Amino acid sequence: QVQLVESGGGLVQPGGSLRLSCAASKNIFTFLSMSWYRQAPGQQRELVASMTGGGTTIYAASVRGRFALSTDNAENRLHLDMNTLKPDDTAVYYCKARGPEIEYWGQGTQVTVSS
């Protein structure tokens, strides 16, 4: 059973930065893709950023140029570096890994952007 554990969330002021990490229980490049999603109160979960097993990345228009994905292959981690944070970025952030037949989700980490 694959496990994903997110960390790095917290309270940050507008304009600040945070790094989220998703630790997987297996080599992250064995997945078809790994992604970050977020869900704000009362809203649907939305894709933030995604990386394929081959390293191709996509970003939601709302975060492009501010957020960046990176990997730590030795520790099986996917990072999401978030810069110039805005109050609209406030949400629970979830990591997802997609395998050939199943998807895995982490438990989420809260990000709050507020002064």
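The values are calculated or read from the model by the stated rules, or taken from the named source; none is laboratory data. All figures in this text were calculated on a predicted structure; none of them were measured in a lab. Counting neighbours? That spans all protein chains shown, and the Cβs are built from the backbone with ideal geometry, glycine included. Note: accessible area is taken over every heavy atom of the protein model, side chains too, but ligands, DNA and RNA are not part of it. Shrake-Rupley method; radii C 1.70, N 1.55, O 1.52, S 1.80 Å.
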Looking at (1) within 19 Å of Glu6 (Cβ to Cβ); (2) surrounded by 14 or more Cβ atoms within 10 Å (Cβ to Cβ); (3) hydroxyl-bearing (Ser, Thr, Tyr), which is the one condition that is false for Ser70?
(2)
The lone condition Gln1 fails out of (1) open to solvent by 60 Å² or more (accessible area, probe 1.4 Å); (2) at pLDDT below 95; (3) under 14 Å from Arg98 (Cβ atoms) is (3)
Screening Leu80, Leu85 for residues that are surrounded by 12 or more Cβ atoms within 10 Å (Cβ to Cβ), assigned to a loop (DSSP other than H, G, I, E, B), in contact (Cβ under 8 Å) with a residue 24 or more places away in the chain and in contact with a strand residue (DSSP E or B) (Cβ under 6 Å, 6 or more places away or on another chain) leaves only Leu85
Would you be able to tell me the number of residues in region 90-113 that are acidic (Asp, Glu) and touching a residue at least 40 places away in the same chain (Cβ under 8 Å)?
0
Filter region 37-58 down to the residues that are open to solvent by less than 60 Å² (accessible area, probe 1.4 Å) and touching a Phe, Trp or Tyr at 6+ places or on another chain (Cβ under 6 Å), then identify the one that is nearest to Leu11 (Cα to Cα).
Arg38
Among the residues of region 19-35, how many are open to solvent by 20 Å² or more (accessible area, probe 1.4 Å), among the small types (Gly, Ala, Ser) and either within 9 Å of Ser7 (Cβ to Cβ) or touching a strand residue (DSSP E or B) at 6+ places or on another chain (Cβ under 7 Å) (or both)?
1
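Yes/no matrix, rows are residues, columns are (1) within 14 Å of Tyr104 (Cα to Cα); (2) of a type in the set (Lys, Arg); (3) assigned to a loop (DSSP other than H, G, I, E, B):
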residue: Val5; (1), (2), (3): yes, no, no
residue: Gly16; (1), (2), (3): no, no, yes
residue: Arg19; (1), (2), (3): no, yes, no
residue: Ala23; (1), (2), (3): yes, no, no
residue: Trp36; (1), (2), (3): yes, no, no
residue: Gln44; (1), (2), (3): no, no, yes
residue: Ile58; (1), (2), (3): no, no, no
residue: Thr71; (1), (2), (3): no, no, no
Every residue from region 92-115 that is aliphatic (A, V, I, L, M) and modelled with pLDDT under 95
Ile102
